[in-house]
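J.: Below you'll find the structure I mean.
Please treat every number below as a calculation from the coordinates, not as lab data. Values in this document were obtained by computation on a predicted structure and should not be read as measured data. So basically every Cβ, Gly included, is an ideal-geometry build from the backbone, and we count neighbours across all protein chains shown.
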Amino acid sequence: MATTILSQLNRLREFDIEVDIPEGCSLPGIIPFNATINENKGKFKVLATSFTEAEQKIKDYIAKHTIVE
């Protein structure tokens, strides 16, 4: 089990993900990513095994914190 966890950790890479921040998005408290947000643009540094996974993590996080009226 420890070998599996270490293997997964060794595959992690840091990716820079840039996204538009939608209206109604509120990112309260501590953001679990290194982030720079300026008006409606966000740049996030994300640990993931692929660019696709990193992008999905950000999309899911933003969707969770966006209120659609």
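J.: What is the one condition in (1) of a type in the set (Val, Ile, Thr); (2) more than 11 Å from the chain's Cα centre (by Cα); (3) surrounded by 11 or more Cβ atoms within 10 Å (Cβ to Cβ) that residue 5 does not satisfy?
T.: Among (1) of a type in the set (Val, Ile, Thr); (2) more than 11 Å from the chain's Cα centre (by Cα); (3) surrounded by 11 or more Cβ atoms within 10 Å (Cβ to Cβ), the lone unmet condition for residue 5 is (3).
J.: Kindly provide the set of residues from the range 15-43 that are touching a Ser or Thr at 6+ places or on another chain (Cβ under 9 Å), more than 24 Å from residue 5 (Cβ to Cβ) and of a type in the set (A, V, I, L, M, F, W, C), ordered by number. Working first, answer last.
T.: First pass over the range 15-43, keeping only residues touching a Ser or Thr at 6+ places or on another chain (Cβ under 9 Å): 15, 21-26, 42-43.
Then keep just the ones that are more than 24 Å from residue 5 (Cβ to Cβ); that gives 21-26, 42-43.
Scanning the range 15-43 gives 21, 25.
J.: I've got another one for you. Counting only residues that are assigned to a loop (DSSP other than H, G, I, E, B) and either exposed (fewer than 14 other Cβ atoms within 10 Å of the Cβ) or touching an Asp or Glu at 6+ places or on another chain (Cβ under 6 Å) (or both), how many does the range 50-69 have?
T.: Residues flagged as assigned to a loop (DSSP other than H, G, I, E, B) and either exposed (fewer than 14 other Cβ atoms within 10 Å of the Cβ) or touching an Asp or Glu at 6+ places or on another chain (Cβ under 6 Å) (or both) within the range 50-69 amount to 4.
J.: Of all residues in the range 18-55, which are over 16 Å from residue 66 (Cβ atoms) and β-branched (Val, Ile, Thr)?
T.: Scanning the range 18-55 gives 30, 36, 46, 49, 52.
J.: While we're here: Just give me the residues in the range 1-43 being charged (D, E, K, R) and either touching a strand residue (DSSP E or B) at 6+ places or on another chain (Cβ under 7 Å) or in a strand (DSSP E or B) (or both), in sequence order. Reasoning before the result, please.
T.: Our first condition is that a residue be charged (D, E, K, R); within the range 1-43, this holds for 11, 13-14, 16, 18, 20, 23, 39, 41, 43.
Once the filter is applied, which keeps residues that are charged (D, E, K, R) and either touching a strand residue (DSSP E or B) at 6+ places or on another chain (Cβ under 7 Å) or in a strand (DSSP E or B) (or both), the range 1-43 yields 13, 14, 16, 18, 20, 41, 43.
J.: Of these, 24, 29, 42, which one is surrounded by 14 or more Cβ atoms within 10 Å (Cβ to Cβ) and either of a type outside the set (D, E, K, R) or in contact with a helix residue (DSSP H, G or I) (Cβ under 8 Å, 6 or more places away or on another chain) (or both)?
T.: Details: 24 fails: surrounded by 14 or more Cβ atoms within 10 Å (Cβ to Cβ); 29 fails: surrounded by 14 or more Cβ atoms within 10 Å (Cβ to Cβ).
Just one listed residue meets the conditions, 42.
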